[in-house]
Amino acid sequence: MDPRNQTDVSEFRLLGLTQDPELQPLLFNLFLSIYVVTVLGNLLIILAVISDSHLHTPMYFFLSNLSFNDICLSTTTIPKMLVNIQTQTQSITYLGCLTQVCFVLTFVGLENFLLAAMAYDRYVAICHPLQYMVIMNPRVCVLLVLISLLTSIGNALLHSLMLLQLSFCTEPEIPHFFCELGQVIKLTCSDILINNILIYLAAGLFGGIPLSGIIFSYIQIVSSVLRMPSARRKYKAFSTCGSHLSLVSLFYGTAFGVYISSEVDDSPGKTAVASVLYTVVPQMLNPFIYSLRNKDMHRALRKVSGRLLLVYLFLSMYLVTILGNLLIILAVNSDSHLHTPMYFFLSNSSFIDICVSTTTTPKMLVNIQTQSASSLFISIADALLHTLMVLQLSFCTDPAIAYVFGNWPRFSTTINDMEPENQTAISEFLLLGLMENPGIQPFLFCMFLSMYLVTVLGNLLIILAIISDSHLHTPMYFFLSNLSLADICLSTTTIPKMLVNIQTQSQSITYMGCLAQVCFVFIFGGLENSLLAVMAYDRYVAICHPLRYLVIMNPFRCVLLVLVSLLSSTTDALLHTLMLLRLSFCTDREIPHFFCELAQVLKVACSNTLLNNILLYSVSGLYGAFGVYISSSVVDSPRKTAVASVMYTVVPQMMNPFIYSLRNKDMKGALRKLNDDPELQPLLFNLFLSVYLTTVLGNLLIILAVISDSHLHTPMYFFLSNLAFTDICLSTTTIPKMLVNIQTQTQSITYLGCLTQVCFVLAFVALENFLLVAMAYDRYVAICHPLSYTVIMNPRRCVLLLVISLLISAGDALLHTLMLLRLSFCTDPEIPHFFCELAQVFKLACSDILINNILIYLAAGLSAGISASGIIFSYTHIVSSVLRMPSAGRKYKAFSTCGSHLSVVFLFYGSGFGAYISSVVSDSPRMTALASMMYVVVPQMVNPFIYSLRNRDVKKALKTLIDRMPSLL
């Protein structure tokens, strides 16, 4: 990816406030102290507001958000400066600099809007006191914060995207302690006219409008206060505005001072020092201004003073954890020598440590402050979740349920009185899952756990291969790595919750959890949909415009396409989620699904869902995600819809790594490098162990269901149980030996063991082939000759077909094995495969293999040709017979009995044909080895899912089996 507008640098240098080495320790201690004071002071404000119910008002709601924003803004700039001083380096990566620019703009913009919202709050409180509770209700407050956040993010992303298109000079030195937008633009070699216009335009709009709002509010406030007859009332009204006016003066005064400084003085050093005044000082002083000048805050702080020691102890531990692990992450990201798998996992481990600490310590701190064990989980680090929690909790009918900042009783009462039709009476839903029978849950747990592990490990392998191989640093593989990440996220959104519910024997999911699941399923499902379209566009440009490929698909456009896909998916998800928030729900809160699927959630609502359904189908039409919605419209059974949704939320995410890793030469090369890396052998071990366990458990479940249910004692299920047993045997022939070799760090297999593996692989592959033919013949007789079915397909004939298939398969395998015995082999017997595949073994022989090759092609032509002809003949007559049926219901029923078998046939023959084409087209034995996995591993794993998820009789048999299990034991 080397287009024209790519930057020539990979990092910038932050020169800081001074380059004098003697002053660096002083600066380090000074800014460390400022940062600790800022974080502790603002966190104390947040805890005080949470713990005191008298502060659960709009003014303090905005103040707590302002304090959180101050913490975020300081964390964006100061820690990087401290790290640079401590490590005696001045570098920051190109991506890190862009990220810092984006977050600084976001939090500065948000602070600007929050000050305007606080001014509006004071205006309503003083000028319209009787309507204050109605106007400044919780929903309006949350809406103001949400609009402020979205506007700030939009402005920051716009500047960041415009910055991406610029190229930079070879000496990218920034005379600043953080990546300030104006200083970064000065380093560019490109034309920055549009960027400067955008900066001044955005500053005028997003700075001028809030400032105008503040000025208008205070003009109205002063006018109203001057009309008050009582001096005491005037003093009280003005006193409520004093702290806010101090903040406004400090923030806008410092910002204006920095602007004047940059215009009057050309010295970048002075500008850097001046910018400290608006990115560091206001954030540190805000807690003092509000805590020292505000009587209500004094009272709240006195209440918590008795518990401050414990709070500060755990708060200090929490900050040390966050800062220490954040330092590890920054060190790994900033040092190219640490860009290795070990440090990649270390940085992820540090991130998980931060998440674990954030999951427990803040909750404990809140409980200490509130002396309550029933308040909701508070995540200070997640602003979006914070906002959604406020929106959700404002719909509760019980005012005792804690809001984000406490009970907020006056405002919840106002909302309840104003909008009783929007109230929901429930706090959780019940996910009924795929099957209600409790006995079958362990089987489902093992099955979905294996599928989840295969999905995560497979997609993670794709991501690691792309990151590690520079040949794959192209647009196509950039999109593929993002697709793999989206697959992991989508599976993680649904399957773990299902596994937790099975393990804890609980079906509940909180109202908030359900909304979050709906939102994230839409985000990652929509992102996957958009990424597939982007990948198609990439292939179109590569094939139709090859000479302009690098120009069109430059890094900026690739990042922009992914970003637009993510933003559109997020917008779609938030739109559906917010529309869901307005609904009230019935007492019947059972969702017949294994996750909160939007269409099923809408069905339990008591409100009018017309708008939701219109939005659902409109967006589905635009984004193309309508398969399961059509299924839910055509089929009345919610269970069938739940099973069908597995096909788009679980199976594709599991299969994508196999499709790309087995059919792509570049990916195979990268995976080959990974495969040769001993550090990645544990990953392969876990991946194939999960595949093997899924295969064995799934097929064993099919066999037990057929044996235990007398209704399944029919020819079709007799052949199915034998097919499942064959799949277990075929997988057991190949995978365990591979796992043993990885675990023992050896690659050897004995001569006799290799011959045995060749023989059994040929026998079970051929047997699977003939069983599929027998099953096709069974469907032909059942549909075309239903009256003679029991006569033709009698038990004796079924057993005879099985025995003939077994004998032919065994004879074919023994013939090839005996022909193999006559060959002599060279001194270097290395097989580039994970099992002894016949063709690869032949290539090692020093003898003449002409007869062996003739025998291979003759046997393959006869067995595959006769089998395929039999299946085609059967289905030709089946289609002809079904089309002559007068009833649409009978046609559907007839075709439905063939659906699972057809899926297995296409999977088996498609993968086998693909492996053959791969071996003919490519001379690479590695490519052939990867391709052969498609017909000796993948079909055997997927077959149980195809039959168990699409067949009503099998599901019923599974329930019967579990009911009888206690008596059998």
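List of remarks:
- Yes/no for Val140 being among the β-branched types (Val, Ile, Thr) and crowded, with 19+ Cβ neighbours inside 10 Å: no
Per-residue answers, yes or no, for (1) within 30 Å of Asp778 (Cα to Cα); (2) of a type outside the set (Lys, Arg); (3) at pLDDT 90 or above:
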site: Phe719; (1), (2), (3): yes, yes, yes
site: Val740; (1), (2), (3): no, yes, no
site: Ser748; (1), (2), (3): no, yes, no
site: Val758; (1), (2), (3): no, yes, yes
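- Exactly one residue out of Leu802, Leu772 is touching a Leu at 6+ places or on another chain (Cβ under 9 Å), surrounded by 20 or more Cβ atoms within 10 Å (Cβ to Cβ) and part of a helix (DSSP H, G or I), and it is Leu772.
- Among the candidates Ile856, Ile866, the residue that is at pLDDT 85 or above and of a type outside the set (S, T, N, Q) is uniquely Ile866.
- Residue pairs meeting the criteria (Cβ under 8 Å; at least 6 apart or on separate chains; first basic (Lys, Arg), in segment 835-855; second assigned to a helix (DSSP H, G or I)): Lys843/Pro925
- Restricting attention to segment 169-181, the residues that are surrounded by fewer than 19 Cβ atoms within 10 Å (Cβ to Cβ) and modelled with pLDDT under 80 total 3.
- Pairs, first of a type in the set (S, T, N, Q) in segment 899-919, second outside any helix (DSSP H, G or I) and at pLDDT below 70, C-beta under 6 Å, six or more apart: Ser900/Asn951
Results for (1) under 29 Å from the mean Cα position of the chain (by Cα); (2) open to solvent by 30 Å² or more (accessible area, probe 1.4 Å); (3) outside the structural domain of Leu114 (by the TED database), shown as yes or no for each residue.
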| position | (1), (2), (3) |
| --- | --- |
| Asp20 | no, yes, no |
| Ser33 | no, yes, no |
| Thr38 | no, no, no |
| Asn65 | yes, no, no |
| Ile71 | yes, no, no |
| Ser74 | yes, no, no |
| Leu82 | no, no, no |
| Leu98 | yes, no, no |
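- Just one of the listed residues (Ile197, Ile185, Ile219) is free of Cβ contacts under 8 Å to residues at least 24 places away in the same chain, closer than 24 Å to Ala117 by Cβ and of a type outside the set (Asp, Glu), and it is Ile219.
- Ala839 meets all of the listed conditions (1) under 19 Å from Ser863 (Cα atoms); (2) modelled with pLDDT of 85 or more but one, namely (2).
- For segment 490-512, the set of residues classified as part of a helix (DSSP H, G or I), touching a residue at least 60 places away in the same chain (Cβ under 8 Å) and either basic (Lys, Arg) or open to solvent by 20 Å² or more (accessible area, probe 1.4 Å) (or both) consists of Thr493, Lys497, Ile502, Met512, listed by residue number.
- For segment 706-722, the count of residues that are in contact (Cβ under 8 Å) with a residue 12 or more places away in the chain, small (Gly, Ala, Ser) and buried (at least 23 other Cβ atoms within 10 Å of the Cβ) is zero.
- Of residues in segment 40-55 being open to solvent by less than 10 Å² (accessible area, probe 1.4 Å) and touching a Pro at 6+ places or on another chain (Cβ under 8 Å), the one nearest to Ala237 (Cα to Cα): Ile45
- Of the residues making up segment 559-578, those that are open to solvent by less than 20 Å² (accessible area, probe 1.4 Å) and either assigned by the TED database to the domain that holds Ser160 or over 16 Å from the mean Cα position of the chain (by Cα) (or both) are His576, Thr577.
- Filtered residues of segment 47-85 (kept if at pLDDT below 85 and of a type in the set (Ser, Thr, Tyr)): Ser51, Ser53
- Within segment 839-867, considering residues that are under 13 Å from Ala766 (Cα atoms) and either of a type in the set (Ser, Thr, Tyr) or not in a helix (DSSP H, G or I) (or both), the one most open to solvent (accessible area, probe 1.4 Å): Ser863
- The single condition among (1) open to solvent by 30 Å² or more (accessible area, probe 1.4 Å); (2) modelled with pLDDT under 85; (3) among the aliphatic types (A, V, I, L, M) that Val646 does not meet is (1).
- When Gln86, Gln165, Gln90, Gln131 are screened for being open to solvent by 20 Å² or more (accessible area, probe 1.4 Å) and either among the charged types (D, E, K, R) or touching a Gly at 6+ places or on another chain (Cβ under 9 Å) (or both), only Gln90 passes.
- Residue match in segment 784-796 (condition: over 27 Å from Val879 (Cα atoms) and over 48 Å from the mean Cα position of the chain (by Cα)): yes
- Among the candidates Ala888, Ala894, Ala931, residue that is in contact with a Ser or Thr (Cβ under 7 Å, 6 or more places away or on another chain) and at pLDDT below 80: Ala931
- Every residue from segment 197-235 that is closer than 30 Å to Ile147 by Cα, open to solvent by 80 Å² or more (accessible area, probe 1.4 Å) and of a type in the set (Phe, Trp, Tyr): Tyr200, Phe216
The values are calculated or read from the model by the stated rules, or taken from the named source; none is laboratory data. This structure is a prediction, so every number in the text was calculated from the model and none was measured. Neighbour counts run over all protein chains shown; Cβ positions are idealised from the backbone, glycine included. Accessible surface is based on the protein model in full, side chains and every heavy atom, while ligands, DNA and RNA are left aside. Shrake-Rupley method; radii C 1.70, N 1.55, O 1.52, S 1.80 Å.
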